[in-house]
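Heads up, the thing below is written out as structure tokens.
Where a number appears in this text, it was derived from the coordinates with a stated rule and is not lab data. Everything numeric in this text was worked out from a predicted model, so none of it was measured. Note that we place each Cβ from the backbone using ideal geometry, even for glycine, and neighbour counts take in every protein chain shown.
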Amino acid sequence: MKTVLKIWQQEYRNIFTDHGVLLLFFGAIIIYPIIYPIPYSNNVLKDVPIAVVDMNHSQLSRQLIRMVDANEFVDVYSKTGDINAARKEFFEGKVYGVLLIAEDFSQKIQWGETANVVVYTDASYFLFYRQVLTGIVSSTATMSAGVEIQHMLAAGLSRAEAMQARDPLPLISYPLYNRPGSYAVFVVPAVLLLILQQTLLIGIGMLAGTARERGHSHFLIADSRGEQSYKIILGKTGAYFSLYFIHAIYFFGVLFRLYDYPQRTGLLQLLVFVTPFLLSVIFLGIALSALFRNRETSLMVLVFTSLPALFLSGFSWPPEAIPPWLHLLSYLLPSTAGIDGFLKLNIMGAEFREVLVSWLWLWGLAGGYFWMAIWGVQRLQAKIASVATDPAAPGSVEIAAP
């Protein structure tokens, strides 16, 4: 234990004397999660500007325009009778959708025929596309229901009978876990967990690459040469885990309250769940860092993995739609099981037993990556031993004196 504590203390020195790692472990962890959710502070995209091309100019068409403008999702930016003018506004980026009301709109309604309206919207940006389409469809559906009910009343039905005939099977929609439909609640909690993983992996890789550049092993610091590999790993793990466990408390205990994100479980349960997640990330980082000979390599390789880890986690794109082999491969990343279990616990309010499989899988990853880290340390120990007997051996590294 004395040796483990010495290595722990030495790793603290390595961290707190490296400005880049300090910026990553503290600056990025503290500042970035505060700044990242700010663009989503409105939670729901509202008042998307659209253009209306009214070629009917009737009381009914003006009523439809008022109903569309009153919808919270869209805002009527301009009204015109010329489709080319609306097209120009669309391509100039002034509007993200166009509602076209045909010339025979009111006549068809009065004759009891189906009147169509045409919606053009930008499907290259799904948020704009959804809001414009949802706003216009809900408004036209409301107007359509009113017209049908008026026709039934004119035919002699009572209002109750007309309402029943118009909608015999009403749909009641109740969104679960994210009642306002907030994009921030959807994306930010998962990204925060990914920030923990990626900053930790990159920081460990930077420390390893920097130390190798300076001519000594990142693992075999002066006080730990000749020690068993597991002691070296446990000492370094203690340093990383103690810092990131505090970061986890900051994320889940402070930031979630700051931005008023749903919290349907206690902080203690979240910390119990995140423990094997952090350990698996640390052991993976130590195992990978044995491969990095310089600081830049670790940055390029590990920063590159951030987006794949995000998409493979299965929260931004359904796991069922990911190729099966790729979905299975994604479980080698701690973030996949970590994000899945975390969202179920904290956002959906699941019981801990319902995420037990994810939790046990993270412990399995921690065990597997621990043995990989041991192999990496032993490999470096063997290389240093060969250098000691043959300093001119290819690929040798200079060992700094204690």
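Taking 0.890 mPa s as the viscosity and 25 °C as the temperature, the Stokes-Einstein diffusion coefficient of the range 98-208 based on its alpha-carbon Kirkwood radius rounds to 130 µm²/s. Computed from backbone phi with θ = phi - 60° and the Karplus coefficients 6.51, -1.76 and 1.60, the 3J(HN,Hα) list for the range 10-18 is 5, 5, 4, 4, 4, 5, 7, 10, 10 Hz; x is used for glycine and proline. Taking amide H as placed 1.01 Å from N in the peptide plane, the amide H of Gly97 sits under 5 Å from that of Ala51, each at least 5 places away or on another chain.
Give the cross-link partners of Lys108 among the aspartates and glutamates, using a straight C-alpha distance below 19 Å as the criterion and excluding same-chain residues fewer than 8 apart. Cα-Cα hits under 19 Å: Asp54, Glu148.
Using only Cα atoms, find the angle between the long axis of helix 295-304 and the longest principal axis of the chain, and express it within 0 to 90 degrees, rounded to the nearest 10. Value to nearest ten degrees: 30. Taking θ as phi - 60° and the Karplus parameters 6.51, -1.76 and 1.60, the scalar couplings of the range 45-52 work out to 6, 10, 6, 6, x, 9, 10, 10 Hz in sequence order, x denoting glycine and proline.
Once you reduce the range 324-344 and the range 19-40 to the center of their Cα atoms, the two points are 24 Å from each other. For Val117, nonlocal amide neighbours, meaning residues 5 or more places apart or on other chains whose placed amide H falls under 5 Å from its own, do not occur. Whole-Hz Karplus values for the range 275-286 come out as 4, x, 4, 5, 4, 5, 5, 5, 5, 4, x, 5 Hz, taken residue by residue from phi with 6.51 cos²θ - 1.76 cosθ + 1.60 and θ = phi - 60°; glycine and proline positions read x.
If one takes the longest principal axis of the Cα atoms in the chain, at what angle in degrees, from 0 to 90 and to the nearest 10, does the Cα axis of helix 183-213 lie? Rounded to the nearest ten degrees, it is 20. Mean-square fluctuations from a GNM of the chain, with a 10 angstrom spring cutoff on Cα atoms, peak among Ala350, Ala123, Ala309 at Ala123.
If R₀ is 22 angstrom, what is the calculated FRET efficiency for the pair Trp111 and Gln59, using the beta carbon separation as r and rounding to 0.05? About 0.90, to the nearest 0.05. The amide H of Asp47, built 1.01 Å from its N in the peptide plane, has Phe73, Val74 as neighbours under 5 Å, considering only residues 5 or more places off or on other chains. Look at His57, His327 and count the other Cβ atoms within 10 Å of each Cβ; fewest to most, that gives His57, His327. Can you tell which of Gln269, Gln59, Gln198 shows the greatest fluctuation in a Gaussian network model of the chain with Cα springs below 10 Å? Largest GNM mean-square fluctuation: Gln59. Annotation for Glu351 and His151: the two label points, set 7 Å from Cα along the Cα-Cβ direction, are 5.2 nm apart. Each of Val272, Val191 has some number of other Cβ atoms within 10 Å of its Cβ, and from fewest to most they run Val272, Val191.
For the chain, report the translational diffusion coefficient in µm²/s to the nearest whole number, using Stokes-Einstein at 20 °C, 1.002 mPa s, and a Kirkwood Rh over Cα pairs. The estimated diffusion coefficient comes to 84 µm²/s. Annotation for the range 55-132: GluC sites (Glu not before Pro) lying in DSSP loop with at most 16 further Cβ atoms inside 10 Å of their Cβ are Glu72, Glu92, Glu103, Glu113. Compared with the dominant principal axis of the Cα atoms in the chain, helix 334-346 is inclined by about 50°.
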